[in-house]
Amino acid sequence: MDIFANLWLGASTAFMPMNLFYGFIGCLLGTAIGVLPGLGPTATIAMLLPITFGLPPESALIMLAGIFYGAQYGGSTTAVLINLPGESSSVVTAIDGYQMARNGRAGAALATAALGSFFAGSVATILLAVAAPPLAAVALNFGPAEYFSLMVLGLVASVALASGSLLKAFAMIVFGLILGTIGTDVESGTPRYVFDIPELYDGLNFVAVSMGIFGICEILRNLESEHERSVGVKRVTGLMLTKEDFKRIIAPVLRGTALGSFLGVLPGGGAMLASFAAYAVEKRVSPNRAEFGKGAIEGVAAPESANNAGAQTSFIPMLTLGIPGNPVMALMVGAMIIQGITPGPNVISDEPELFWGMIVSMWSGNLMLVILNLPLIGLWVRMLTVPYHLLFPAIIGFCCIGAYSINNSVFDVFVMAGFSVIGFALSKMRFEPAPLLLGFILGPMLEENLRRAMLISQGDPSIFVRSPLSLSLLIFAVVVLALVLSPSISRKREEAFTE
Amino acid sequence: MLKIRNGRDFVGGVTMICVGLLFIWFGRELEVGNSFQMGPGYFPTMLSLLLMAIGALIIVQSLMVHAEEGEPEAWNWKAYFLVILGPVGFGLLLSGLGLAPTMLLLIVGVATASRYANWRHSILLGVFLSVCSVLLFTKLLSLPVSAFGPWVPLIGELL
């Protein structure tokens, strides 16, 4: 079988001592960041991205992926121990996880989260290995029209899955797309919106933009309602699960994995949506549903499996089509571009070591996380006691150096500062920053494909509906939009986000 | 009678229209072309128009739908000012002062944005992070920035 040869190739890349080391560092940093409240994975990856510039592409991406799923793990630790989700995807874990901790079963809750995540991560990795090559093969036949439609679908779907007002999310996407046009126009070489600033000829740097609208902006919001956290964490004991526990978590883990793997592929809030959905499903079907909210182990197992599966499968559209489904994947695309790799269906055939190495490293990374997390839990608990007034200056410091090191120029530091103001103003008006970044990243690709498609068709827009593939993608986008706009679904959507 | 029922959204819609106008204004010299041969101005102009249309819809919505009751906004102008000015100051001082003193100033400066900050902690943290960042970034990753810049000649020459 081909797949085994490929996985073998991947293993030989992923298990190189250097890559294992960077994977380990990534997991460690990711967990640490996930544990620290008030610093999301997007901001972290943006902040740490410059450190990976000097690494070979495989190591850089393996490390970044490690940060991403490490953060998922770390987020659940705080959710269980102090009822403070480190990440949006572990919000629901806090409900039953914290209750378990209060009943003296913190160890069991953490073990469930770790094992559930590991299982889900392994399954989703296999899924990724099986599904990615055929998808990429389909995508190889894509012309500009198909790409354009696919990106439209991606943008529409990301709006549909975002929380808050649809109209505002659309506004953010369009705003992001416009920001993406700043810089030299690729086709004609004409500078656009550069105001004779030489640094702007290459466009705004997405790392600086995302550090501004995610990193610094988060700090501004946290400082508004700053209050000292009193962290009373007891020692965590009893990491072993009983036989009874195992019996109870098998079905929820399986359901969570299935749901998460599916939802993760969709653009938008992949992992977060997956954990919410898994919890909701479990609450309906579990035989122990009366215990939910009072410390049901199922309420930890299902969402934790789902968010990890979702985090893993959200790599599928990014790796096969070059289209990021969420801001973290957008940063990964950016990291690939910086490393000189063009994201898209060619990655599998042109860079097999990178592609398969990354897939295998996801599995080994998950294993590392289980080994790392359970014994090191004491260390993570101690990290929780770092007060925010010492944490945020450090974050700002790292963001500044990080922004500077992108091009060794202070211009990017100013861009970051500027976008923290823009991001903050937008958040005050209740505009979400995530669609903006997505639009910003996809903007140049969208424009290029639109222009090429129109050139091919000699200005006839029907090219987008004449190709069956492009037509079906657009129809799918319309269906998604119609579904979201229909009253019954939008009500459910509100429920899901307010729950 | 039209009445603004959701002030926040109304401002948001107006902002989007302004953004659209701004990009159209600054892109007015860009050649738009036609749909067959799109000029560099085509895509941004179309998007700006689209953004203005969405902004208008947001305004219409803000006139019809009441704002949901939310928590009252807390404003912390001192924090905004310090946190945003910090990176700007960092950018301005970096080449002159060098990484170590700039970092120290940045940390101590932004730390005062917190109401729980105290000088001893901030300075210790600043010194610690300056040393770390010099070791990591100038020594290990060899960024082209020196630990001490030309504005601090004495220490710069000592090192």
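The values are calculated or read from the model by the stated rules, or taken from the named source; none is laboratory data. Predicted model, so just to flag it, every value in this text is computed and none were measured. So basically every Cβ, Gly included, is an ideal-geometry build from the backbone, and we count neighbours across all protein chains shown. Ligands, DNA and RNA are stripped out before the accessible areas are found, and what is left, the full protein with its side chains, is counted by its heavy atoms. Shrake-Rupley method; radii C 1.70, N 1.55, O 1.52, S 1.80 Å.
Once the Cα-Cα distance is subtracted from the 0.36 nm per residue extended length, the A:Phe195 to A:Ile371 segment shows a gain of 58.1 nm. Over the residues of chain B, the helix contribution to mean residue ellipticity at 222 nm works out to -20500 deg cm²/dmol, using -39500 (n - 2.57) for each DSSP H run of at least 4. With a threshold of 28 Å on the Cα-Cα distance, the over-threshold entries among A:Lys243/A:Lys283; A:Lys428/B:Lys3; A:Lys247/A:Lys294; A:Lys168/A:Lys294; A:Lys294/A:Lys428 are A:Lys168/A:Lys294; A:Lys294/A:Lys428. Summed over qualifying helices (DSSP H, 4 residues or more, each -39500 (n - 2.57)) and divided by its residue number, chain A shows a 222 nm mean residue ellipticity of -24000 deg cm²/dmol. Charge tally around A:Pro144: other residues with Cβ under 14 Å, Lys/Arg +1 each, Asp/Glu -1 each, net -2. The apolar share of the surface of chain A, taken as the fraction of accessible area on carbon and sulfur atoms (1.4 Å probe, ligands and nucleic acids excluded), comes to 67 percent.
Report relative contact order for the range A:320-471 in percent, whole number only (criteria: Cα-Cα under 8 Å, sequence separation at least 6). Relative contact order of the range A:320-471: 20 percent. Taking amide hydrogens as placed 1.01 Å from N in the peptide plane, the amide H of A:Glu351 sits under 5 Å from that of no residue at least 5 positions away in sequence or on another chain. With viscosity set to 1.002 mPa s at 20 °C, what whole-number translational diffusion coefficient in µm²/s follows for the protein assembly as shown from Stokes-Einstein and a Kirkwood radius over Cα pairs? Translational D for this selection: 84 µm²/s.
Taking a sphere under 15 Å around the Cβ of A:Asp412 and counting the other residues whose Cβ falls inside, with K and R at +1 and D and E at -1, yields a net charge of -2. Rolling a 1.4 Å probe over the protein heavy atoms gives the range A:2-498 an accessible area of 36 Å² per residue. Interface B-A: total buried accessible area of about 5500 Å², 1.4 Å probe, protein heavy atoms only. Given axes a ≥ b ≥ c from the Cα gyration tensor, I'd like to know whether chain B is rounded (a/c under 1.5), prolate (a/b larger than b/c) or oblate. It is oblate, given that a/c is not under 1.5 and a/b is not larger than b/c.
Exposed loop sites here are chymotrypsin sites (Phe, Trp or Tyr not before Pro) assigned a DSSP state other than H, G, I, E or B and surrounded by at most 16 other beta carbons within 10 Å; excluding them, the longest clear run of chain A is A:196-499. Residue separation of B:Val60 and B:Phe36 scaled by 0.36 nm, minus their Cα-Cα distance, works out to 5.2 nm of gained length. Computed over chain B, relative contact order equals 20 percent, with contacts defined as Cα pairs under 8 Å that lie 6+ residues apart. Selection among A:Thr78, A:Leu55, A:Ser149 by position relative to the dipole of the protein assembly as shown gives A:Thr78 as farthest towards the positive end (Cβ unit charges, Cα centre). Label point 7 Å out from A:Trp8 along Cα-to-Cβ: which residues of the range A:354-394 have amide N under 17 Å? It comes to A:356-357, A:360, nothing else. Taking 7 Å steps out from each Cα toward its Cβ at B:Arg5 and A:Ile475 produces label points 3.8 nm apart. Close amide H partners of A:Arg192, meaning residues 5 or more places away or on another chain with modelled amide H under 5 Å apart, are A:Gly183, A:Thr184, A:Asp185. Average accessible surface for chain B: 58 Å² per residue, computed with a 1.4 Å probe over protein heavy atoms with every protein chain in place.
Short-range pairs are left out: with C-alpha atoms under 8 Å and at least six residues apart, the relative contact order of chain A is 28 percent.
What net charge is computed for the residues neighbouring B:Thr112, neighbours being all others with C-beta under 14 Å from the C-beta of B:Thr112, Lys and Arg scored +1, Asp and Glu -1? After counting each charged neighbour, the total is +2.
Averaged over the residues of peptide A:175-184, the number of Cβ atoms from other protein chains lying within 10 Å of each residue's Cβ is 5. Overall, the protein assembly as shown carries a charge dipole of about 1720 debye about its Cα centre when +1 sits on the Cβ of Lys and Arg and -1 on the Cβ of Asp and Glu, all other atoms neutral. Of interest is the spacing of the C-alpha centroids, which for the range A:447-470 and the range B:79-105 amounts to 48 Å. Classify the range A:17-77 from the C-alpha gyration tensor, please: rounded if a/c falls under 1.5, else prolate or oblate depending on whether a/b exceeds b/c. Verdict is oblate for the range A:17-77. Taking only the Cα atoms of the range B:85-159, the ratio Rg/Rh comes out at 0.99, with Rh defined as the Kirkwood radius.
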